[in-house]
1. Quick check on the range 214-231. Is at least one of its residues within 13 Å of the ligand (Cβ to nearest atom), touching a strand residue (DSSP E or B) at 6+ places or on another chain (Cβ under 9 Å), of a type in the set (A, V, I, L, M) and over 27 Å from residue 338 (Cα atoms)?
2. Would you be able to tell me the number of residues in the range 1-16 that are more than 10 Å from the ligand (Cβ to nearest atom), surrounded by fewer than 24 Cβ atoms within 10 Å (Cβ to Cβ) and in a loop (DSSP other than H, G, I, E, B)?
3. Here is a check on your reading of the model: is residue 30 under 20 Å from the mean Cα position of the chain (by Cα), away from the ligand (no atom under 14 Å from the Cβ) and open to solvent by less than 10 Å² (accessible area, probe 1.4 Å)?
4. Can you spot a residue in the range 239-248 that is within 12 Å of the ligand (Cβ to nearest atom), at negative phi and under 26 Å from the mean Cα position of the chain (by Cα)?
5. Among the residues of the range 344-358, write down those that are open to solvent by less than 80 Å² (accessible area, probe 1.4 Å) and either free of Cβ contacts under 8 Å to residues at least 60 places away in the same chain or part of a loop (DSSP other than H, G, I, E, B) (or both).
6. Among the residues of the range 35-58, how many are over 21 Å from residue 81 (Cα atoms), free of Cβ contacts under 8 Å to residues at least 60 places away in the same chain and part of a loop (DSSP other than H, G, I, E, B)?
7. Under the condition of being closer than 20 Å to residue 94 by Cβ and of a type in the set (Val, Ile, Thr), which residue from the range 151-209 is nearest to the ligand (Cβ to nearest atom)?
8. Kindly establish whether residue 59 is open to solvent by less than 10 Å² (accessible area, probe 1.4 Å) and within 10 Å of the ligand (Cβ to nearest atom).
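The values are calculated or read from the model by the stated rules, or taken from the named source; none is laboratory data. Computed from a predicted structure; not experimentally measured. For neighbour counting, all protein chains shown are included, and Cβ atoms are generated from backbone atoms with ideal geometry for every residue, glycine included. These area figures cover heavy atoms from the full protein model, side chains too; ligands, DNA and RNA do not enter into them. Shrake-Rupley method; radii C 1.70, N 1.55, O 1.52, S 1.80 Å.
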Amino acid sequence: MDKRVRVRFAPSPTGGLHLGGVRTALFNYLFAKKHQGDFLLRIEDTDQSRFVHGAEEYIFETLRWCGIEPDESAVHGGPHGPYRQSERKSSYRQYAEQLVRAGKAYYAFELPEELETMRGRFKTADNPSPQYDHRIRMNMRNSCSLTLEETERLLDDDAPHVIRIKMPENETVVISDLIRGEVSFHTGLIDDKVLLKADGMPTYHLAVVVDDFFMKISHAFRGEEWLPSAPVHVLLWRYLFGEENMPQWAHLPLILKPDGNGKLSKRDGDRLGFPVFAMDWKDPNSGETIKGFRERGFLPEAFINMLALLGWNDGTGKEIFSLNELIDAFSMERVHKAGAKFDYEKAKWFNHEWIRQMPVSAYKDVVKEIFVTNGVGINDEARFEKILSLVKDRCTLLNDFYDESRFFFEPPTQWDIESVKPKWNPDKKNFFESFVSQVESISSFDPVSIESNFKQLAGEKNIKPGELQLPFRIMLVGEKKGPPVFEIAGLLGKTDTINRIRHFLDAISV
Ligand code: GLU
């Protein structure tokens, strides 16, 4: 690469971050780190009407949780700030005016209601929803249709106006995209987009080009939904800063609904019961909370691993990647063009794999919080870690740790008696009574000695140990689940184990 790699993630602070947004951030981050470049976060808040309180903080927290911190941002600082477009407002007008002077843009004086009237007036069978473009431009009130004097008078009178790009009527703009190759656009089909709004704020189209130039962005990677805007951006580059300085583009594939039918939306999450946002997002206006992967019990390592594989692979079939491995293996050329179907079962598989592979010490504190939220305080950290290690293979989400191991902290008050009763008899009761008196006197109460005592006594009493293990488990756990039963007894300790056996024997009426 000849120039320093500088990429940006440029979200608008309009709500929580959807999976697709985090994946865009991740691919930018991976590319930057792979090429020893810089990863910037730019807040694109030019549309003040869509500003949502808390959204910016949410974006920063999400990236922090994912472990993909920007090198430059409104929070991290950097030499190319400000990193919020609203704070750069004064820098954009001059470029819009430069374009007007060069004949590449024009002033347009319609008020919003006049635009509505226009749509009605120019509607025809082959143009059912007319847009503001070369076909109707000369019929509207703008500096192309008005005389110079009329235009100047309106400007002197401070008449409300916007600046629009004058899209060429008949040109082909070709974009070279790292994922899609060359993509051609016919300019006659594109509307004269607003560049500067009546309130003096730029639109996204102008701001993105000006900022990418001043922030020395070398590569612009963003979602496929921005591909139709790319020709407008290319023209702005050509007119303002020179196409040779333009970043290299890549438009990332959409993330699709599980059935492949259209783009995954936050509504699909509600409908199908899985998270679509990175973290819980509480909409400050509606008060509604949209579930996030973090609160569902995903590890950030698993979340980013799963996201990376939505639309990319390294070609070897390998699926489990740490962030560093992703940095090594990532290349934009291996990102697919086609949309990537989201599969929640697969997402959970990634989490399960990461839970199994990581040492419990890495996520113990998060799991502890889950216990505390459920009213179970943890005092003995070492024992807690042992318990987590014992059940981790059975957990898919971090919240599963609570369900899988709460019995270690709260003795059962109900038992799955139905599973025991059919084969329960006085001999078995007698076995457990003898077992209790036997273990009371043993000094070491570890899984191995518990098991050998248990099996030896079963032999003496002529009962198959296999027939005794299920009732033993029900006594300790309450139901037919959990890790190996002698391990459970060992971790419960002698007193608790004996109490649980006694309690059960009192409760079962045979
Ligand atoms: N502000 C745009 C967004 O919200 C950024 C598009 C781009 O990266 O150019 O997705």
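1. yes
2. Counting residues in the range 1-16 that are more than 10 Å from the ligand (Cβ to nearest atom), surrounded by fewer than 24 Cβ atoms within 10 Å (Cβ to Cβ) and in a loop (DSSP other than H, G, I, E, B) gives 6.
3. Spelling it out, residue 30 is indeed under 20 Å from the mean Cα position of the chain (by Cα), away from the ligand (no atom under 14 Å from the Cβ) and open to solvent by less than 10 Å² (accessible area, probe 1.4 Å).
4. Initially, the range 239-248 is screened for residues within 12 Å of the ligand (Cβ to nearest atom), giving 247.
From what's left, at negative phi: 247.
This time we only want the ones that are under 26 Å from the mean Cα position of the chain (by Cα), so: 247.
Yes - at least one qualifying residue is present in the range 239-248.
5. Answer for the range 344-358, where residues must be open to solvent by less than 80 Å² (accessible area, probe 1.4 Å) and either free of Cβ contacts under 8 Å to residues at least 60 places away in the same chain or part of a loop (DSSP other than H, G, I, E, B) (or both): 346, 348, 350, 351, 352, 353, 354, 355, 358.
6. Number satisfying all stated conditions: 1.
7. 208
8. Working: open to solvent by less than 10 Å² (accessible area, probe 1.4 Å): yes; within 10 Å of the ligand (Cβ to nearest atom): no.
Taking the combined requirement at face value, the residue does not satisfy it.
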